Amino acid sequence: MDLKKLKITAQKDIKSAQNLAELNNVFKKYLGKKGELTRILRSLKDLPIKKRKTQGKLANQIKKDLELIIQERKDKLQDAKYKIQNTDFDITAPGKSPVLGHLHPLTLVRRKVAEIFQSMGFTIVQGPEVETEWYNFDALNIPKEHPARDLWDTFWLKPKNKKLLLRTHTSPVQIRYMEKNQPPLRIIVPGRIFRHEATDASHEINFYQVEGLMIDKKGKITVANFKAIIDEFFKGFFEKQTKIRLRPSYFPFVEPGFEIDISCVNCLGKGCSVCAQTGWVEILGAGMVHPNVLKAVGLNPKFWQGFAFGVGMDRLAMLKYKINDIRLFYSNDLRFLQQF
Ligand SMILES: [Zn+2]
């Protein structure tokens, strides 16, 4: 057989092989033990010496060429096989939607509170959850043996040297902030606090509070400022036309102190079970910062004054989302959490 013709047919056969098995057959046909080219190479010895040289050289060259293109074809078919294996899916099948997490209701509340106060120029400040007696009590005008300490059921810690506790309110952060920053200042302090008490629908051993503090020159910040700011906050938070009222009350770190009620967001003041038919809901404690607190951080109460307030974020969340048991926030029950 003519060698050049053989090369052309072999090349065609290699090219048309559609898979590795077909290609293997082509290899056998030309280069196998009984292959066409193999036979020619074997028969070279019968040729006259001159012809043997030229034919031999050509046959060997063709053998090399064919081996090379077979290898190339093999690589290509293997790649294709690999691709098919790795894209072997039904593009018409409906997709699986990934399970998305979402924010906890208390996180939603904390963010909303922060957003509203930031829009009124308040800075967000945080502090340690383990506090010293000084920051949690003494600096806030609650000295040792003062009966007011009984208002907070405290978790005391017992390290070797000093008396530490889990903070019972976020107010110690006010002290820490005023020690390092000069007024005028306006901050809010969102954070976790701890109380050593029995749990029930409205009590937990830990919960979240947000504290606010605004201090400026004497006469500049009054109860009227506080009322305007807190009114603005409730309107933004509940997204309803709420009314507020102030009632005199006692907190050791303020003078005068008051409690703030808002018109019930559930019945809009008409009277319902949430507000015990009164139309009002107790929500927040506040007052003008006590001169002793200012003195504790080295500010002269003759020149500075301001207000402070504290509100439970769990309480805000319960009112906003109509939740009747604080324990739901901490029980990790998906039936509850998935509603947010
Ligand atoms: Zn009501």
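Structure data summary
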read-out: Output for the range 298-310, where each listed residue is over 16 Å from Ala224 (Cα atoms), out of contact with any Phe, Trp or Tyr (no Cβ under 9 Å at 6 or more places or on another chain) and part of a strand (DSSP E or B); value: Trp304
read-out: Count of residues meeting criterion [part of a strand (DSSP E or B) and among the basic types (Lys, Arg)] in the range 244-297; value: 2
read-out: Condition met for Ala148 (closer than 28 Å to Phe233 by Cα and not in a loop (DSSP other than H, G, I, E, B)); value: no
read-out: Residue in the range 182-190 that is out of contact with any helix residue (DSSP H, G or I) (no Cβ under 9 Å at 6 or more places or on another chain) and more than 23 Å from Ile230 (Cβ to Cβ) present; value: yes
read-out: Single residue of Ile230, Ile187, Ile215, Ile221 found to be in contact (Cβ under 8 Å) with a residue 24 or more places away in the chain and in a helix (DSSP H, G or I); value: Ile230
read-out: Pair list, Cβ < 8 Å and 6+ apart or interchain, from the range 42-64 residues that are in contact (Cβ under 8 Å) with a residue 12 or more places away in the chain and assigned by TED's automatic domain parsing to the domain that holds Leu31 to residues that are of a type in the set (S, T, N, Q) and surrounded by 10 or more Cβ atoms within 10 Å (Cβ to Cβ); value: Leu44/Gln55
read-out: Selected residue [touching a helix residue (DSSP H, G or I) at 6+ places or on another chain (Cβ under 7 Å), surrounded by 15 or more Cβ atoms within 10 Å (Cβ to Cβ) and in the same structural domain as Phe233 (by TED's automatic domain parsing)] from Phe258, Phe253; value: Phe253
read-out: Test: Lys320 is surrounded by 16 or more Cβ atoms within 10 Å (Cβ to Cβ) and within 16 Å of the ligand (Cβ to nearest atom); value: yes
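For every residue, the table says whether it meets (1) within 26 Å of His102 (Cβ to Cβ); (2) of a type outside the set (Asp, Glu); (3) within 16 Å of the ligand (Cβ to nearest atom); (4) modelled with pLDDT of 95 or more.
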{"site": "Lys243", "(1), (2), (3), (4)": "no, yes, yes, no"}
{"site": "Tyr250", "(1), (2), (3), (4)": "no, yes, no, no"}
{"site": "Cys267", "(1), (2), (3), (4)": "no, yes, yes, no"}
{"site": "Lys270", "(1), (2), (3), (4)": "no, yes, yes, no"}
{"site": "Thr278", "(1), (2), (3), (4)": "no, yes, yes, no"}
{"site": "Asn300", "(1), (2), (3), (4)": "no, yes, no, yes"}
{"site": "Gly306", "(1), (2), (3), (4)": "no, yes, no, yes"}
{"site": "Phe336", "(1), (2), (3), (4)": "yes, yes, no, no"}
{"site": "Gln339", "(1), (2), (3), (4)": "yes, yes, no, no"}
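The values are calculated or read from the model by the stated rules, or taken from the named source; none is laboratory data. Model, not experiment: these values are computed from the prediction. Every residue, glycine as well, gets a Cβ built from its backbone with ideal geometry; the counts of neighbours run over all protein chains shown.
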